[in-house]
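Each remark here refers to the structure printed beneath this line.
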Amino acid sequence: MAARILANLIVMGSGILGRALFQAYRQALTNASKSGVAQETMQNIRRGSKIMAEPEARQILGVAEHSSWEEVLKKYDNLFEQNAKNGSFYLQSKVHRAKECLEAVNQKEAQGTPDV
């Protein structure tokens with residue numbers, strides 16, 4: 001008798017938990033569509049990549065087109081540390097991606113290959 005009651009409690013509890021998880025997932029999708037995250041994700045999928053453009057990278061780091069690599073690194077270190085202390089992970093990742101983009105551009109220029 002006790003085993004049957006325990007089994008019923010387990011089945012009922014798992015059903016309640018399953019419905020709660022499903023409702024939470026639906027609410028998360030609703031919130032994502034309201035904030036534009038879903039549209040941005042779909043645009044990134046359509047683009048096929050999340051490679052940052054050089055002008056956007058320069059704008060994020062606040063450097064001019066003819067800035068030296070040392071200046072880029074100085075701005076990167078400053079912005080990265082500021083966001084590490086009291087900023088957001090999103091901004092910190094944007095700063096990091098901007099540095100990666102400019103690093104690739106800098107390497108191409110150092111090799112002497114023109115940007116196509």
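FRET efficiency for the pair Gln92 and His66, taken as 1/(1 + (r/R0)^6) with r the Cβ-Cβ distance and R0 = 30 Å, rounds to 0.70. Taking all protein chains together, Lys85, Lys99, Lys108, Lys94 sort by accessible area into Lys85, Lys108, Lys94, Lys99, largest first [probe 1.4 Å].
Listed peptides 68-76, 23-31 appear in the order 68-76, 23-31 once ranked by packing, highest mean of other Cβ atoms within 10 Å at the front.
Peptide packing: for 10-20, 52-62, the average count of neighbouring Cβ atoms within 10 Å per residue gives the ranking 52-62, 10-20, highest mean first. Quick one: which of Lys74/Lys108; Lys34/Lys94; Lys34/Lys99 span more than 25 angstrom between C-alpha atoms? Exceeds cut-off: Lys34/Lys99.
The values are calculated or read from the model by the stated rules, or taken from the named source; none is laboratory data. All values derive from a computational prediction rather than experimental measurement. Note: ideal-geometry Cβ built from the backbone for every residue, glycine included; neighbour counts use all protein chains shown. Keep in mind that these areas ignore ligands, DNA and RNA; they rest on the heavy atoms of the full protein, side chains included. Shrake-Rupley method; radii C 1.70, N 1.55, O 1.52, S 1.80 Å.
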